[in-house]
Amino acid sequence: MAEVKLENISKHYGEHRVIENLNITVKEGECFTFLGPSGCGKTVILRLIAGFERPTNGEIFIGSSLVSSAEQKIHLPPEERKIGVVFQDYAVWPHKTVYENVIYPLKIQRIDKNEAKQRTMQAITQVGLKGLEKRLPYQLSGGQQQRVALARALVSKPEIMLLDEPLNNLDAKLREEMRFEIKELQREIGVTILYVTHDQEVALAISDRIAIFDHTGHVRQIGAPREIYEKPADKYVFNFMGVSNFIPLEIKNGATIIEDSNIPVALQPPTGKKEALRMLAACRPFDIELTRENTGMKGEVKRVTFLGATMDYRINLGEKELRIQQDTQEALQNNLLFKEGEDCFLKFHNVAWFESQSVEMGVS
Amino acid sequence: MGMIQTGKNRKNLVFSKKVADLKKFGAAELVLILSIIVLVVVVAIPILLIFWNAFTTADGKFNIKDVIWILSKPETYQALLNSVTIALGVTMLSTILGVFFAWLVTRTDLPFKGAMKLLFIVPFMLPSFIGAMAWKILLSPRGGYINVFFKNLLGIDKPLFNIYGMAGIIIVETMYLFPFVFLQVSGALERMDPTLEESAQISGIDLFTITRKITFPLITPSIIAGALLVALYSLSHFGVPAILGTEVGIYNIPTLIYQKIYASAGSFEAIRTGTVLASILVISAAIIMYLQNLVLKKGRYQIIAGKSMRPMLLKLRGFKIPLLIFSILYIAVTVLLPTVTVFLVGALKTYGLPLKHKHMTLENFKYILFSWKMTKDAIKNSVVLSLGAAFVTMLVGTMISYVIVKMKVKGKFILEFLGMLPFSVPGTVIALGVILTWSGRFGVNLYNTAGIIFVAYIARYMAFALKSTSAALEQVHDSLEEASRSCGATHWQALKHIVLPLIKPGMVAAFFLIFLPALRELTTSVLLYGPTTRTIGVAIYALNEDGETVYAMALASIALVIIVLGEILIRKITSTKEGNG
Ligand SMILES: Nc1ncnc2c1ncn2[C@@H]1O[C@H](COP(=O)(O)OP(=O)(O)OP(=O)(O)O)[C@@H](O)[C@H]1O
Ligand SMILES: [Mg+2]
């Protein structure tokens with residue numbers, strides 16, 4: 001089993017600096033997710049680790065050995081890194097059947113024929129493709145091809161698996177199943193998994209730790225899913241982890257009001273941050289309660305959407321539009337369903353506080 | 001981060017450093033260098049030597065005076081003028097015919113469009129010098145069958161049409177080159193997004209205006225591209241002018257080069273004139289290729305690929321049947337008539353006899369195939385040389401394409417540049433360059449051996465191999481090969497298991513794209529053959545020159561049969577490839 005360590009890794013394509021001074025250590029047996037928007041460099045990082053690209057700067061260690069080093073001009077070729085890879089575009093070989101695709105790594109490793117056969121069938125079963133062994137890739141759906149790629153990566157029981165969006169083409173139910181399978185696999189054989197996605201839900205469900213990237217390829221936060229969800233490092237991370245409401249506030253004469261307005265808000269910035277004049281309050285749609293009792297914060301219902309188990313509201317608070325959700329069942333019981341155009345009162349729970357952008361600018 | 005290494009770590013580190021050092025100058029660089037060497041030796045050096053010979057004196061000084069002197073000599077000047085005149089005439093005629101027929105089979109309700117479309121490409125298959133010979137048999141002023149027929153019929157003593165001369169050359173070349181325009185334009189018309197035309201139609205504009213204002217501007221790049229191809233081929237074309245011009249003292253650049261080299265047995269003066277003319281061919285070809293790239297690049301934006309489309313078809317109404325008859329007649333006259341002539345004359349007991357059944361025999365074919373050493377050797381030479389050249393060129397071309405398309409190595413741009421060269425070098429130039437390179441100058445003398453034709457074929461057809469294999473390689477996404485590497489396969493294994501099987505159809509296509517033209521090649525081998533190394537093309541040409549018309553045609557018939565069989569085979573192979581995709 002092996003850990004993966006990136007030290008001061010940079011990757012430039014000509015003038016385009018995709019990755020700059022990246023430091024990450026993925027622990028042995030960990031499921032580590034790279035989460036970031038499209039084009040932020042996730043695939044490039046995986047390709048660096050797999051050995052398809054050479055870093056412009058920095059070093060990569062797998063286990064105790066140095067596999068890539070720009071300074072020392074070291075580059076271990078991909079086939080010697082013993083890494084299973086699932087490519088974003090599946091890369092299932094079109095001239096080989098499902099069975100031939102999956103058994104290929106074992107053939108390369110000259111595994112005993114019977115064992116290879118048995119392991120191949122096991123992998124095919126694991127990804128739910130039993131019965132389709134003899135099909136050629138063009139006879140498979142996108143999701144099925146993706147599962148062939150997954151089976152091919154795990155059949156040789158690698159110490160490290162790199163998965164680039166391996167579930168993005170599956171339907172919700174299958175995605176959940178495969179997510180579970182991957183997690184099981186990690187527990188069973190202790191493989192280190194490096195997982196790339198831009199889907200925060202999958203990331204939260206599957207990871208031991210997550211690294212959140214912004215669009216420039218910088219890491220904004222690394223941490224366990226709960227840590228990231230509950231203690232986002234900055235506004236960007238908070239926003240990335242789900243639907244967010246941001247309310248710019250300022251403190252004037254000891255009272256908290258919405259920035260550039262006179263609408264008072266019943267929110268107290270956490271102590272220690274009181275000296276800042278402008279703040280940003282952030283919360284999720286479920287963390288704002290709609291009530292009929294006067295909380296001092298009055299909003300107007302702009303739009304209501306019924307989503308089944310939840311009700312989705314757009315509420316105007318002064319100039320600001322907020323997104324609020326409530327449990328349909330609970331609201332019904334408490335007679336707290338609101339109609340469009342109706343007035344309502346707001347109550348905040350779990351507010352996260354960030355420095356306001358404008359304050360930062362004002363200071364600097 | 002901790003940079004202190006444990007003992008074991010350090011050992012590992014040292015080990016992987018060694019591995020990397022070994023691989024620093026690894027397979028990638030080796031293949032790159034090998035590819036560059038092949039292209040330099042086979043293509044670049046011959047071309048450089050031509051320029052060197054043309055622009056330096058015997059003791060190696062730069063000299064432009066001689067070049068001007070050679071160019072201002074009446075015979076060279078006249079040859080240049082003829083080449084340009086022929087190229088212009090052929091290009092114009094081909095463009096008119098090509099565009100007209102392309103429009104007819106894609107945008108009108110002409111019956112049997114599918115079949116007609118195939119038939120219009122058939123002239124590609126016929127070697128143009130064989131066509132020229134057939135036309136000579138039909139329309140030579142004195143003995144031409146058609147001329148004789150009309151002389152008797154009308155009681156005139158002047159021939160109906162004299163095929164010798166500029167007009168004959170232009171017309172015959174057009175017959176065999178117009179498919180270039182036809183293919184480009186019909187392809188463009190088929191790919192064109194019909195919504196552009198439809199929206200115009202909806203706004204009530206009549207079809208003629210739409211064609212003039214929308215369709216025509218959209219296909220202009222394709223028309224120009226096709227026309228430039230015709231110009232490129234015609235400018236450096238040997239076969240037709242050699243057969244229909246030489247006899248009446250009309251030379252173009254390639255036939256003058258041939259005449260110089262052949263008549264003077266390779267004197268310095270002759271080689272000098274040859275190289276100067278060849279330099280002009282190379283430069284003009286390069287300019288044409290450059291223009292073509294420019295035009296095609298522009299065209300790509302304009303023609304939007306709409307796959308499932310149903311273009312508006314112009315109703316021909318009263319013209320339908322006349323136009324169909326015209327098209328069929330055109331094909332009958334340009335394809336069927338010469339082909340039948342070749343076979344019938346090839347079966348005649350003696351040349352000049354009327355084409356009647358009682359004068360026919362199969363003895364000629366038997367004699368050529370089984371008894372006559374000269375023709376037997378020619379067939380054998382051609383088959384062996386084209387098979388060998390096709391095989392080697394395909395393999396080398398695949399390697400070079402792989403470096404160009406797939407590899408990330410420094411210095412690749414050299415290869416990309418060298419890889420462009422074969423596309424623009426005419427056959428005559430290759431032959432001349434190969435003579436300069438392989439006649440002992442660098443310690444290897446292949447003159448008068450089959451070897452010199454072999455290297456010339458490789459140089460001449462490298463472009464085909466590069467085109468076909470690089471197109472195939474571009475279809476194979478990098479991640480397919482990388483997936484194999486991450487499964488533990490070495491680079492070589494990944495090539496063998498993944499890349500090669502996937503590009504095999506492209507390689508097979510490349511093989512046939514080289515084998516078939518090489519089999520009937522004349523332009524290059526006519527400058528290179530020795531006493532025992534005639535090719536089929538050379539043998540037919542020589543037999544015709546010697547007045548052995550019957551045997552020339554019998555051999556031509558055999559060549560045609562082989563070519564048609566080959567074309568059918570390649571069509572089968574490429575269509576099964578598409579079926580799998
Ligand atoms: N070979 C290359 N040459 C030049 N630029 C590249 C190359 N590969 C990637 N890039 C650039 O690097 C950036 C990151 O690309 P990457 O493929 O890693 O994105 P990603 O995070 O995987 O996005 P997605 O989620 O859409 O897959 C992009 O801006 C891309 O244009
Ligand atoms: Mg990606």
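Computed from the coordinates by the stated procedures, all read-outs in this text should not be read as laboratory data. This is a predicted model, so every value here is computed, not measured. Don't worry about glycine lacking a Cβ; one is built from the backbone with ideal geometry, like all the others, and counts go over all protein chains shown.
Just a few scattered comments:
- In a DSSP loop and with at most 14 other Cβ atoms within 10 Å, the trypsin sites (Lys or Arg not before Pro) in the stretch A:296-344 are A:K339.
- Counting only Cβ charges, +1 for Lys and Arg and -1 for Asp and Glu, the dipole size of chain B around its Cα centre is about 1340 debye.
- A straight line joining the Cα centroids of the stretch A:331-355 and the stretch B:173-214 runs 63 Å.
- Cα→Cβ-extended label distance, 7 Å offset, between B:K504 and A:R187, nm: 4.5 nm
- Shape category assigned to the stretch A:1-52 from the gyration tensor of Cα positions, a/c cut at 1.5: prolate
- Toward the positive end of the charge dipole of chain A, with +1 on the Cβ of Lys and Arg and -1 on the Cβ of Asp and Glu, the farthest Cα among A:Q200, A:N316, A:L267 is that of A:Q200.
- Cα centroid of the stretch A:120-153 to Cα centroid of the stretch B:439-466, whole Å: 50 Å
- Radius of gyration and Dmax over the Cα atoms of the stretch B:481-552, both given in Å: 21.6, 67
- Magnitude of the charge dipole, the protein assembly as shown, Cβ model with Lys/Arg +1 and Asp/Glu -1, debye to 20: 2940 debye
- Summed over qualifying helices (DSSP H, 4 residues or more, each -39500 (n - 2.57)) and divided by its residue number, chain B shows a 222 nm mean residue ellipticity of -23000 deg cm²/dmol.
- Between B:A332 and A:D312, the distance separating the two model label sites (each 7 Å from Cα on the Cα→Cβ line) works out to 7.2 nm.
- Cα long-axis angle, helix B:337-346 against chain B (0 to 90 degrees, to the nearest 10): 80 degrees
- Electrostatic dipole magnitude of the stretch B:84-343 [Cβ: Lys, Arg +1; Asp, Glu -1; Cα centre; debye, to 20]: 340 debye
- Where the Cα pairs of the stretch B:512-566 fall when distances are cut into 10 Å bins, in %: 25, 52, 22, 0
- Distribution of pairwise C-alpha distances over chain B, 20 Å bins, in %: 18, 49, 27, 5, 1, 0
- Cα gyration tensor category, rounded, prolate or oblate, for the stretch B:84-343 with a/c compared to 1.5: oblate
- Karplus (6.51, -1.76, 1.60) ³J(HN,Hα), θ = phi - 60°, over the stretch A:285-292, in Hz, Gly and Pro reported as x: x, 7, 8, 10, 9, 9, 9, 9
- Nearest-0.05 FRET efficiency for B:L323 and B:I202, computed from C-beta distance (R0 35 Å): 0.80
- Counting, for every residue in B:490-498, the Cβ atoms of other protein chains within 10 Å of its Cβ and taking the mean gives 3.
- Simple spin-label estimate for A:D287 and A:R17 in nanometres, 7 Å along Cα-Cβ: 3.3 nm
- The mean sequence distance of close C-alpha pairs (under 8 Å, at least 6 residues apart), as a share of the length of chain A, puts its relative contact order at 15 percent.
- Straightening the chain between B:E567 and B:S439 buys 42.6 nm, computed as 0.36 nm per residue apart minus the Cα-Cα spacing.
- Relative contact order of the stretch B:84-343, pairs being alpha-carbon contacts under 8 Å that are 6 or more residues apart, as %: 30 percent
- The angle between the Cα long axis of helix A:172-189 and the main principal axis of chain A comes to about 60°, on a 0 to 90 degree scale.
- What the Cβ-Cβ distance of B:R191 and A:N253 gives, at R0 = 56 Å and to the nearest 0.05, is a FRET efficiency of 0.20.
- Per-peptide average of other Cβ atoms within 10 Å, ordering A:182-188, A:201-207 highest first: A:201-207, A:182-188
- Relative contact order of chain B: 19 percent, from C-alpha pairs under 8 Å at least 6 residues apart in sequence.
- Acute angle (nearest 10 degrees) that the helix B:253-264 long axis makes with the longest principal axis of chain B, alpha-carbon atoms: 90 degrees
- Peptide B:499-511 - average C-beta neighbours from other chains (10 Å radius): 1
- Each residue of the stretch B:450-462 is assigned a 3J(HN,Hα), and the resulting list reads 5, x, 5, 5, 4, 5, 5, 4, 4, 5, 5, 9, 4 Hz, derived from the Karplus form 6.51 cos²θ - 1.76 cosθ + 1.60 (θ = phi - 60°), x at Gly and Pro.
- From its DSSP helices (H runs of at least four residues, each -39,500 (n - 2.57)), chain A gives a residue-normalised ellipticity at 222 nm of -7500 deg cm²/dmol.
- Ordering B:442-450, A:22-30, B:255-263 by mean Cβ neighbour count within 10 Å, with the highest value first, yields B:255-263, A:22-30, B:442-450.
- Nonlocal amide H pairs with A:E321, under 5 Å, H built at 1.01 Å: none
- Contour excess over end-to-end distance, with Cα ends at B:E363 and B:V67 and 0.36 nm allotted per residue: 101.4 nm
- Reduced Cα scattering model of the stretch A:128-197, Debye log10 I(q)/I(0), q = 0.16 Å⁻¹: -0.56
- The length gained on full extension between A:N262 and A:E201, counted as 0.36 nm times the residue separation minus their Cα-Cα distance, comes to 18.2 nm.
- Highest-first arrangement of A:76-83, B:146-153, where packing means the average Cβ count within 10 Å: A:76-83, B:146-153
- Under 10 Å, Cβ to Cβ, from B:G427 - net charge with Lys/Arg +1 and Asp/Glu -1: 0
- Estimated D of chain A in µm² per second, where Rh is the Kirkwood radius over Cα pairs and Stokes-Einstein applies at 10 °C, 1.306 mPa s: 68 µm²/s
- Per residue of peptide B:473-483, the mean number of Cβ atoms on other chains within 10 Å of the residue Cβ is 5.
- The alpha carbon centroids of the stretch A:154-198 and the stretch A:24-100 are separated by 15 Å.
- Cα gyration tensor category, rounded, prolate or oblate, for the protein assembly as shown with a/c compared to 1.5: prolate
- Proximal charge balance of B:F55 [Cβ under 15 Å; K/R count +1, D/E count -1]: +1
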